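To start, the structure itself, in structure tokens.
The values are calculated or read from the model by the stated rules, or taken from the named source; none is laboratory data. All values reported here derive from a predicted model rather than from experimental measurement. We place every Cβ from the backbone using ideal geometry, glycine too, and count neighbours over all the protein chains shown. Each accessible area value is taken on the protein alone, full model and side chains, heavy atoms only, with ligands, DNA and RNA left out. Shrake-Rupley method; radii C 1.70, N 1.55, O 1.52, S 1.80 Å.
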Amino acid sequence: MAMFVIEGGKKLKGDIIPQGAKNEALQIISACLLTDKEVVVHNIPNILDVNNLIALLMELGVKVRKLDDSSYSFTADDINLDFAYSKSFLEKTSKLRGSVLILGPLLGRFGRAIIAKPGGDKIGRRRLDTHFEGFIKLGAHFEFDSKQEIYSIQADRLKGTYMLLDEASVTGTANIIMAAVLAEGVTTIYNAACEPYIQQLCKMLVRMGATISGIGSNLLTIVGAERLDGTTHEMLPDMIEVGSFIGMAAMTESEIRIKNACVKELGIIPDAFRKLGIRIDQEGDDLFIPSQDHYEIESFIDGSIMTIADAPWPGLTPDLLSVFLVAATQAKGSVLIHQKMFESRLFFVDNLINMGAQIILCDPHRATVIGLDKMTRLRASNMVSPDIRAGIAMLIAAMSADGVSKIANIDQIDRGYQQIDLRLNAIGASISRVE
């Protein structure tokens, strides 16, 4: 198993281009199953989760051509549904969280789908109720084999209906949309997730012939189509990677320009970092973060402690809270980090405490960070990455620390960040990948 060896204390300087969005890629690639026509997708990130999903689709019979480093052609005109019920397929889906997103397209187009309980990050419960309750409301029959942990869903013909989602689940919304676009009649989804990646999925499906109104809101209306055509789609830059680079620049006192960040799709992410005192200048569609040897956390207007909390879009994405937490360790002041969605995502803070950070883990969802104001630098440590986002936070901490740190289980980081060591080394980092 590979690990990163990081020599801390290196200042970065230069331009970096964010990869294509991981979470969008998983939705868009799955949506290629909805048509037998060619779909071309640009700006696909070269990361483990995406590559594993592409490999899974190829085994299902999707014809995949790599057009260049980040562009692929997908044609799903000869799907092997027998493989979709095989032991090999179930084993592969159990190891890939993103495989849940093929349920909606397979159900909508072929009337049946099966999947093993998906794997992924170890960050607490990640229930799938919203997905299956949506399918059931569309007229599907659902079964769960609790012994083998296998979910199956089938329907002779899905029929449009009104539904109020119990949570604004991003993957749940995407899955239901992909099933509903080929359902008979009109489907109304209230409390739908409305992240930019959901908007991108909807816009792509409209170009393929779907009828969807309310894009960008939490109320979607979908008129089912008989069939969908092919299209060409370009993915957004990854907002999580953009945020990771902002936190990294602040912690390492680096001067970084994030090129082509698609700033209008970042929501409140830049302003949330500014609440930590981090300076961010927008120059066209670039974000420039100057070198800062000091940044101070704001207080609320009444003087109470700043709280950074996740919320459904257009609130702050939970995937960045680990980066906010680590960036706060070297700020002046205190902040409460409130991770509402996942009860295990903050447990990685023990590693930061071992490095000298002052953090009080209040409960599984909340941590109070007392910033060191860079008066005391973090010290090097040996760590193990439990998930993608904790892994990048550990990497940021190690890059800012005194001495040489090691991070094991970096497959978790590779799942979400494309060649992160090579790209950071190109602008001044010292990260070695060793077995």
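Considering (1) of a type in the set (A, V, I, L, M); (2) out of contact with any Cys (no Cβ under 8 Å at 6 or more places or on another chain); (3) closer than 25 Å to Glu241 by Cα, the lone condition that Val41 does not fulfil carries the number (2). With respect to (1) in a strand (DSSP E or B); (2) more than 24 Å from the chain's Cα centre (by Cα), the lone exception for Ser88 is condition (1).
Specify which of the listed residues (Ile150, Ile189) is among the hydrophobic types (A, V, I, L, M, F, W, C) and within 22 Å of Thr35 (Cβ to Cβ). Matching residue, one of Ile150, Ile189: Ile189.
Candidates Ile297, Ile305, Ile301: the one that is in contact with a Leu (Cβ under 9 Å, 6 or more places away or on another chain), assigned by the TED database to the domain that holds Leu395 and surrounded by fewer than 15 Cβ atoms within 10 Å (Cβ to Cβ) is Ile305. All conditions but one from (1) touching a Phe, Trp or Tyr at 6+ places or on another chain (Cβ under 8 Å); (2) more than 27 Å from Val170 (Cα to Cα); (3) not β-branched (Val, Ile, Thr) apply to Gly243; the one that does not is (2). Taking segment 418-435 as the range and being under 17 Å from Met1 (Cα atoms) and either touching a helix residue (DSSP H, G or I) at 6+ places or on another chain (Cβ under 6 Å) or part of a loop (DSSP other than H, G, I, E, B) (or both) as the test, the residues that pass are Gln419, Ile431, Arg433, Glu435. If I filter segment 404-417 down to residues being assigned to a strand (DSSP E or B) and β-branched (Val, Ile, Thr), which single residue comes out as nearest to Ile392 (Cα to Cα)? Here the answer is Ile407. Only residues in segment 210-222 that are closer than 16 Å to Leu164 by Cα count as the first member; pair them with residues that are assigned to a strand (DSSP E or B), Cβ under 6 angstrom, at least 6 apart or cross-chain, and list the lot. If the second residue must be assigned to a strand (DSSP E or B), the pairs left are Gly214/Leu220; Gly214/Thr221; Leu219/Tyr190; Leu220/Ile189; Thr221/Thr188; Thr221/Ser213; Ile222/Thr187; Ile222/Ile212.
On the stretch given as segment 383-400, residues that are surrounded by 24 or more Cβ atoms within 10 Å (Cβ to Cβ) and more than 19 Å from the chain's Cα centre (by Cα) total 5.
Can you tell me how many residues in segment 89-115 are open to solvent by 10 Å² or more (accessible area, probe 1.4 Å), in contact with a strand residue (DSSP E or B) (Cβ under 8 Å, 6 or more places away or on another chain) and modelled with pLDDT of 85 or more? Residues in segment 89-115 being open to solvent by 10 Å² or more (accessible area, probe 1.4 Å), in contact with a strand residue (DSSP E or B) (Cβ under 8 Å, 6 or more places away or on another chain) and modelled with pLDDT of 85 or more: 5 in total. Restricted to segment 15-43, and to residues that are under 26 Å from Thr317 (Cβ atoms) and in a strand (DSSP E or B), which residue is farthest from the chain's Cα centre (by Cα)? Top of the filtered list is Asp15.
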